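Novice: Here it is, the structure in full.
Please treat every number below as a calculation from the coordinates, not as lab data. Model, not experiment: these values are computed from the prediction. Every residue, glycine as well, gets a Cβ built from its backbone with ideal geometry; the counts of neighbours run over all protein chains shown.
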Amino acid sequence: MRRLTANLVLALTVLPLAAQEPNLPDFGSPADAIINKNQEEQLGRQVVAQIRNAGGILEDPQLQEYIDSIGSQLVGQASDGSQSFQFFVVDDGAINAFALPGGYIGVNAGLILTSESESELAGVLAHEIAHVTQRHIARSIYDSQRMSVLSMATMLAAVLLGAAADAGGDAMTGIITASQAAQIQRQINFTRSNEHEADRVGIETLSAAGFDTRGMATFFEKLSRRYGMAREQIPALLQTHPVTSARIAEARSRSRLLPAAIHTNSMGYGVAKARLTIQQARSVANARDIFAARLDQGNGDFSDRYGLALCQASLGLIDEADRTLTALVDEYPSIIAFWIARAETLMLAGFVDAAIDVYVEANGLFPRNVPLAISFAESLVNAGQPARAHALLLDLLNNVPPTPEQIRLIARAANAEGDVGNAYYYMGEYYLSVGNPALAITQLRMALEAPGVNSVDRSRYDARLRQIVDAMPADQRRRMEQAGDGPQPQPYNSDRTGI
């Protein structure tokens, strides 16, 4: 299980940018002179792409759907719609969450697992959302203007590469100097006033979204009480969001002034924690023992039954898993995760037709549900029905924004179907989504050269290629041409056939 270097992405929340020919707006924050909202979004997107490329993001559609649902509930009360948000789960057992420029918010697997209620998790997310809506990131950048965009990108790439390669201390010293690391560490703390403002705004958002407003204070209080002054063990969240007794008391006082709300944990919260328990455990057998112990002690619930069934299926105990999952589907027919798990278990056992029947029934009940459609499509490809998977994914991804992994899945389906041109086209979109336009251009040129491409698809590939090339900075386009990479699309010759 890959873990990101401690405090890696948190540093990006406040790393400064050098002024780039400031054009002061007539209205708005002075921080716009250094970095405006469009630049923030671009920077945040680049950072997320690097984290993803380093393997730091959990590519689990069910976890993604859950964290999106909690985030959207909060954002609906926190933003007027002028700021977009994207949430993602980081593959790290450390207790941490962070906001990046442009409304990108990451939450570590460890934080979700440590939370004891959905309101505690929502409280942390509401706090991070407030950092974005109050533009604390841009204001921090404005306050400290010593590092250029290029230096920041280089620093991030170096640390990410070190983390991905599990580089030791000596190797990391060669990548990033001690003085630079110390500078980042000094810069990752938000100011005290920003923290108090994020608490105040976050609690109001928490209340408006229907969560228990005590969630934010109780979570920080638990962490503070658990770790005390043990600096070598204190979680990153408390290092970057220092908690004092006065701050906790103030949060509790604010929560008492807001309308009381009794929030019951959603079943999605239990499903997410069960999946993360398995993913973060030392082994599947270890996770199985955790779920079994809770159930044996009478402390378990539906999520422990679900988690145990997933472990049993993974360990080849198909009959036990199928019995539990069939019962869960019967008891909770509206919980899509149980349908998916049952179908995937049948696929593991080789009962392909039975699995597809479950998928078809579930898809009829929950059309265009992303986790269900992705699981169904993967199973169809594995069952030798790629054309059916391709059609299913086209219907889905034309209606919901796809993740890079989902784009790669439709490319896999198209390739297995023999639709080589579209396979290259989709891979072009994949590389574009992970921040590599040069490889995207290469894939689109290969799509244009693929045999059997019809005139409609050729026009589509050519238009997309021109769009990407035109969007590239002039100097980058010129360097590629000088290197002989030839990013410019070839004009279509109607006399040519089969290309």
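Novice: Rounded, prolate or oblate: pick one for the stretch 371-458, where a ≥ b ≥ c are the square roots of the eigenvalues of its C-alpha gyration tensor, a/c under 1.5 means rounded, and failing that, prolate if a/b is larger than b/c, else oblate.
Specialist: It comes out oblate by the Cα gyration axes.
Novice: Follow-up question, since we're still on this one. If you stretched the chain out fully between residue 331 and residue 197, how much longer would it get, using 0.36 nm times the residue separation minus the C-alpha to C-alpha distance?
Specialist: That pair, residue 331 and residue 197, stretches by 43.9 nm at full extension.
Novice: Let me know the Kirkwood hydrodynamic radius for the stretch 298-482, please, with Cα pairs as the basis and the value in Å to one decimal.
Specialist: Here the Kirkwood hydrodynamic radius works out to 18.4 Å.
Novice: Taking 0.36 nm per residue of sequence separation and subtracting the Cα-Cα distance, how much length would be gained by fully extending the chain between residue 475 and residue 225, in nm to one decimal?
Specialist: Extra length from residue 475 to residue 225 when fully extended: 84.6 nm.
Novice: Using 1/(1 + (r/R0)^6) with R0 = 35 angstrom and r between the beta carbons of residue 260 and residue 315, what's the FRET efficiency to the nearest 0.05?
Specialist: For residue 260 and residue 315, the calculated efficiency is 0.20.
Novice: Net charge around residue 75, counting only other residues with Cβ within less than 13 Å of its Cβ (Lys, Arg = +1; Asp, Glu = -1)?
Specialist: Counting the neighbours of residue 75, the net charge comes to -3.
Novice: Where Lys and Arg each count +1 and Asp and Glu each count -1, what net charge lies around residue 425 among other residues with Cβ under 10 Å from its Cβ?
Specialist: Charge balance in the 10 Å sphere: -1.
Novice: Specify whether the C-alpha gyration tensor of the stretch 47-118 places it in the rounded, prolate or oblate class, a ≥ b ≥ c being the square roots of the eigenvalues: rounded for a/c under 1.5, otherwise prolate if a/b is larger than b/c and oblate if not.
Specialist: oblate
Novice: Which order do peptides 267-278, 68-79 fall in by mean Cβ count within 10 Å, highest first?
Specialist: Peptide ranking by packing, descending: 267-278, 68-79.
Novice: To the nearest 0.05, what FRET efficiency results for residue 456 and residue 82 with a Förster distance of 30 Å applied to their C-beta separation?
Specialist: For residue 456 and residue 82, the calculated efficiency is 0.20.
Novice: Show me the ranking of peptides 257-266, 380-389, 436-445 by mean Cβ neighbours inside 10 Å, starting with the highest.
Specialist: 436-445, 380-389, 257-266
Novice: State log₁₀ I(q)/I(0) for the stretch 242-341 at q = 0.22, 0.25 Å⁻¹ as given by the Debye formula over alpha-carbon point scatterers of equal weight, solvent excluded.
Specialist: After summing over all Cα pairs, the log10 values are -1.07, -1.33.
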